[in-house]
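The values are calculated or read from the model by the stated rules, or taken from the named source; none is laboratory data. Please read all numbers here as calculations on a predicted model, not as lab measurements. As a convention, Cβ positions derive from the backbone with ideal geometry for all residues, glycine included, and neighbour counts pool all protein chains shown.
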Amino acid sequence: MLSHLIRRFFGHITARALSPSEQHDISEWLTAPLRELFYAQPVGDQRHAYSVAARVPPHLREAALLHDVGKSMCGIGAVQRSLATVWAWLGLPVWGAWECYLTHGHRGAALIEIAGGSELSVAFARHHPGPTPEGFDGEAWFALSTADDA
Ligand SMILES: [Fe+2]
């Protein structure tokens, strides 16, 4: 868990903005309302989501690009995110922006649903990281989860 947290932390703070060619990919892969959600994310989350999308088959890209959009609503950076994760891991109570961050999946899922995202995108945002929910393709879920964790 610690190595994952450290990797994520440095990945987030050193992330490069998407290049014009990567932005072109986004315009091909997402509808306008979904692009708006994608670009509302901080650069670090955009970079992470793009990397996840690059590791999955084309039909899973939308879910990959949007799975963490709920984090952008919480307004906290890499340090606070890491602290919130450790705090919750220790079983300590959280509230405010930290609670928002730790429940970003549900918030993101609601945004994706409103913006017309697929059922899979909504479900993956809501339930990741976690087992495949009833009614979804286990192989697709595994591909997304593995790409998210890489
Ligand atoms: Fe992620």
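State which residue pairs qualify: first residue free of Cβ contacts under 8 Å to residues at least 40 places away in the same chain and under 11 Å from Leu60 (Cβ atoms) and inside the range 130-149, second residue β-branched (Val, Ile, Thr) and assigned to a loop (DSSP other than H, G, I, E, B) in any location, beta carbons under 8 Å apart, and separation of 6 or more residues or different chains.
Listed by first residue and then by second, the contacts come to Trp141/Thr132; Phe142/Thr132.
Taking the range 1-13, which residues are surrounded by fewer than 16 Cβ atoms within 10 Å (Cβ to Cβ) and part of a helix (DSSP H, G or I)? Give the derivation first.
Kept after step one, since they are surrounded by fewer than 16 Cβ atoms within 10 Å (Cβ to Cβ), are these residues of the range 1-13: 1-7, 10-11, 13.
Hits for the range 1-13 are Leu2, Ser3, His4, Leu5, Ile6, Arg7, Phe10, Gly11, Ile13.
Check Asp68 against each of (1) under 19 Å from Ala97 (Cα atoms); (2) touching a Ser or Thr at 6+ places or on another chain (Cβ under 6 Å); (3) of a type in the set (Asp, Glu) and name the one condition it does not meet.
For Asp68, the exception is condition (2).
Given the criteria within 11 Å of the ligand (Cβ to nearest atom) and small (Gly, Ala, Ser), does Ser51 qualify? Let's see the steps before the verdict.
Numbers: within 11 Å of the ligand (Cβ to nearest atom): yes; small (Gly, Ala, Ser): yes.
Criteria met by Ser51.
Name every residue in the range 67-83 that is among the hydrophobic types (A, V, I, L, M, F, W, C) and out of contact with any Leu (no Cβ under 6 Å at 6 or more places or on another chain), in order of residue number.
Correct list: Met73, Cys74, Ile76, Ala78, Val79, Leu83.
From Leu60, Leu66, grab the single residue that is of a type in the set (A, V, I, L, M) and more than 13 Å from the ligand (Cβ to nearest atom).
Leu60
With the condition kept exactly as written, say whether any residue in the range 23-46 is within 16 Å of the ligand (Cβ to nearest atom), more than 21 Å from Phe124 (Cβ to Cβ) and without any contact (Cβ under 8 Å) to a residue 60 or more places away in the chain.
There is at least one residue in the range 23-46 that is within 16 Å of the ligand (Cβ to nearest atom), more than 21 Å from Phe124 (Cβ to Cβ) and without any contact (Cβ under 8 Å) to a residue 60 or more places away in the chain.
Looking at (1) assigned to a helix (DSSP H, G or I); (2) of a type in the set (Gly, Ala, Ser); (3) closer than 22 Å to Gln41 by Cβ, which one does Gly130 not meet, given that it meets all the others?
Only one criterion in (1) assigned to a helix (DSSP H, G or I); (2) of a type in the set (Gly, Ala, Ser); (3) closer than 22 Å to Gln41 by Cβ is unmet by Gly130, namely (1).
What about Gly91, is it farther than 23 Å from Arg16 by Cβ, more than 13 Å from the ligand (Cβ to nearest atom), assigned to a loop (DSSP other than H, G, I, E, B) and modelled with pLDDT of 95 or more?
Here the answer is no, as Gly91 does not meet what is asked.
Please name all residue pairs, on different chains or six or more residues apart, with Cβ atoms under 6 Å, provided the first residue is in the range 4-15 and is free of Cβ contacts under 8 Å to residues at least 40 places away in the same chain and the second residue is not in a loop (DSSP other than H, G, I, E, B).
Ala15/Val43; Ala15/Gly44; Ala15/Arg47
For the list (1) among the charged types (D, E, K, R); (2) in a loop (DSSP other than H, G, I, E, B); (3) under 16 Å from the mean Cα position of the chain (by Cα), I need the number of the one condition that Arg16 fails.
Every condition holds for Arg16 apart from (3).
Restricting to the range 47-84, and then to whatever is in contact (Cβ under 8 Å) with a residue 60 or more places away in the chain and among the basic types (Lys, Arg), can you tell me which residue is surrounded by the most Cβ atoms within 10 Å (Cβ to Cβ)?
In this case the residue turns out to be Arg81.
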